[in-house]
């Protein structure tokens, strides 16, 4: 009888315990040329934090994908070299999404896609000291607070920001430096 009571008490204690949120953390450091890193973090009511650093070489690729509902997503990519590709995808509903991309070098591509509804989206892209770099930021969905801050101090760079959806608050700031010619396009609706 005593064993049955203790077993029942343990089961009830486990059922009545509050649900705890998950925490996902990933950190990747790569040194050299032709490196590739891909991080996928999914779930609901989760804190996702992903960092990818690629230095000391060229032709590196980094992708971070964070998806779910009621999440706090933090994505950071650092790349130092030429012909680098950085992509962050943050999707879902009722998320707090932050994406930071930093690149230094020539012919680099930085892409941020933040989608879904009822999100707070913050993106910051810095491309420093290089030529012919491309930055593409897309923040789409309804009832979102979209913020995009871009700094490019390079020659011949292109910046495209698309903030689409209904009932959104959209802010986009682009600092193109003095090294032009550079092109910048912001499309909000």
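Quick notes
- Between residue 131 and residue 175, the modelled labels are 2.4 nm apart [label points 7 Å from Cα along Cα→Cβ].
- Modelled spin labels at residue 36 and residue 94, positioned 7 Å past Cα toward Cβ, are 3.7 nm from each other.
- CD proxy at 222 nm, helix term only [per DSSP H run n ≥ 4: -39500 (n - 2.57); per residue of the chain; nearest 500]: -2500 deg cm²/dmol
- Net lengthening on full extension, residue 145/residue 22 (0.36 nm per residue, minus Cα-Cα): 41.8 nm
- Sorted largest first, extent of the range 14-121 alpha carbons per principal axis (Å): 54, 29, 14
- Taking the convex hull of Cα positions in the range 59-189, its mean projected area over all directions (nm²): 6.3 nm²
- Sorting the segments 142-154, 103-115, 29-41 by their residues' average number of neighbouring beta-carbon atoms within 10 angstrom, most packed first, yields 103-115, 142-154, 29-41.
- Degrees, to the nearest 10: 2-16 long Cα axis against longest axis of the chain: 30 degrees
- Relative contact order of the range 25-188, defined on C-alpha pairs under 8 angstrom at six or more residues apart (%): 14 percent
Any read-out appearing in this document is the output of simple, stated calculations on the displayed coordinates, not a laboratory observation. Quick caveat: nothing in here was measured; it's all calculated off a predicted structure. With ideal geometry, Cβ positions are generated from the backbone for all residues, glycine too; neighbour counts draw on all protein chains shown.
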